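Reviewing the structure listed below.
Read the figures in this text as sums done on the coordinates, not as results from a lab. Predicted, not measured: the structure shown is a model, and the values here were computed from it. Note that each Cβ is placed from the backbone with ideal geometry, even for glycine, and that neighbours are counted across all protein chains shown.
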């Protein structure tokens with residue numbers, strides 16, 4: 001569906017859909033950290049450092065360097081390879097590409113990180129919030145639309161140098177924020193991340209500086225101007241998320257309210273509310289079809305039913321076991 005939509009826009013309007021993601025993850029001790037979580041009830045950090053506290057011989061730094069080298073060998077255009085703010089947290093950023101290729105790279109990135117971590121005796125984990133009390137992991141999704149060599153999001157004289165086209169794109173996503181939340185945050189654990197105490201993007205608004213806003217407008221230029229959808233979790237389906245972002249941003253409607261970009265609304269703090277918003281959405285039925293809408297909601301309801309209704313302060317084993325990034329990859333048959 002993503003490829004069909006991208007090809008259609010290119011044929012009809014000469015649009016190219018561009019995307020790049022900032023995918024955060026954690027490196028935990030042991031090859032089977034997720035597999036045994038239901039018994040251990042804890043993840044063990046391999047490094048207590050974050051950002052600039054991880055030195056060359058630190059295991060986290062060695063993992064990042066190895067993963068980045070493999071990515072470059074596979075053709076990724078790496079831009080930043082670094083620890084993140086939480087202990088044992090990492091982020092390896094790579095450059096913009098056409099949207100379908102960008103979604104492919106997300107899958108490859110997570111797979112190679114898991115394999116390299118396993119080779120090193122560790123586990124790479126992409127749960128949105130595997131450890132309570134520290135920052136969670138996101139998949140900040142940077143998007144823009146170009147026509148030929150022109151970035152349609154750039155306007156040197158525009159507000160924050162974002163074009164009218166770009167602001168309307170952003171406004172359409174804010175309008176449908178509640179409808180899209182289950183697409184962006186598709187696991188029970190993802191709602192732990194939407195905690196305002198840890199730079200979590202749970203506010204339905206846009207900002208150039210506030211990292212609690214669902215959408216950020218980063219500093220850019222004629223080539224790099226973009227919007228950053230910060231509310232996407234690292235375990236989201238990249239193809240579905242990208243399709244929902246671009247389809248909504250280009251074809252959606254803008255709510256006729258004065259404070260759309262200024263806030264006052266919040267994303268759900270639990271998956272049950274997100275499921276109800278998703279099921280009730282006429283927009284989701286339009287862009288996915290009512291059959292897919294129902295099937296997706298049923299799958300997420302089944303996952304939610306396997307977990308305690310109240311999140312509490314301790315990450316439960318079922319959040320890890322039924323976390324669908326594990327379900328869809330190599331670990332599921334080992335539980």
Exercise. Starting from residues that are surrounded by 14 or more Cβ atoms within 10 Å (Cβ to Cβ) and more than 23 Å from the chain's Cα centre (by Cα), keep the ones in the range 1-14 and report whichever is farthest from residue 240 (Cα to Cα).
Key: 10
Practice problem: Assess whether residue 217 counts as being more than 27 Å from residue 125 (Cβ to Cβ) and either within 13 Å of the chain's Cα centre (by Cα) or without any contact (Cβ under 8 Å) to a residue 60 or more places away in the chain (or both). | Solution: yes
Self-check item: Residue satisfying condition, being closer than 24 Å to residue 155 by Cβ and touching a residue at least 24 places away in the same chain (Cβ under 8 Å), within set 264, 249
Solution: 249
Exercise. Working carefully through the options 236, 231, find the one that is under 12 Å from the mean Cα position of the chain (by Cα), closer than 18 Å to residue 206 by Cα and crowded, with 17+ Cβ neighbours inside 10 Å.
Key: 231
Quiz item: How many residues are part of a loop (DSSP other than H, G, I, E, B), closer than 21 Å to residue 242 by Cβ and in contact with a helix residue (DSSP H, G or I) (Cβ under 8 Å, 6 or more places away or on another chain) if we restrict to the range 203-225?
Solution: 3
Quiz item: Of the residues in the range 226-264, how many are part of a loop (DSSP other than H, G, I, E, B), out of contact with any helix residue (DSSP H, G or I) (no Cβ under 7 Å at 6 or more places or on another chain) and farther than 29 Å from residue 113 by Cα?
Solution: 7
Quiz item: Looking only at the range 63-88, which residues are under 20 Å from the mean Cα position of the chain (by Cα) and outside any loop (DSSP other than H, G, I, E, B)?
Solution: 64, 67, 68, 71, 78, 79, 80, 81, 82, 83
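Residue by residue, here is whether (1) assigned to a helix (DSSP H, G or I); (2) touching a helix residue (DSSP H, G or I) at 6+ places or on another chain (Cβ under 8 Å); (3) closer than 27 Å to residue 76 by Cβ holds:
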residue: 111; (1), (2), (3): yes, no, yes
residue: 118; (1), (2), (3): yes, no, yes
residue: 127; (1), (2), (3): no, yes, yes
residue: 145; (1), (2), (3): no, yes, yes
residue: 166; (1), (2), (3): yes, no, yes
residue: 171; (1), (2), (3): yes, no, no
residue: 180; (1), (2), (3): yes, yes, no
residue: 191; (1), (2), (3): yes, yes, no
Exercise. Count, please, the residues in the range 15-62 that happen to be surrounded by 19 or more Cβ atoms within 10 Å (Cβ to Cβ) and either assigned to a loop (DSSP other than H, G, I, E, B) or free of Cβ contacts under 8 Å to residues at least 12 places away in the same chain (or both).
Key: 7
Exercise. Tell me, yes or no, whether the range 270-289 has at least one residue that is crowded, with 19+ Cβ neighbours inside 10 Å and either under 17 Å from the mean Cα position of the chain (by Cα) or assigned to a strand (DSSP E or B) (or both).
Key: yes
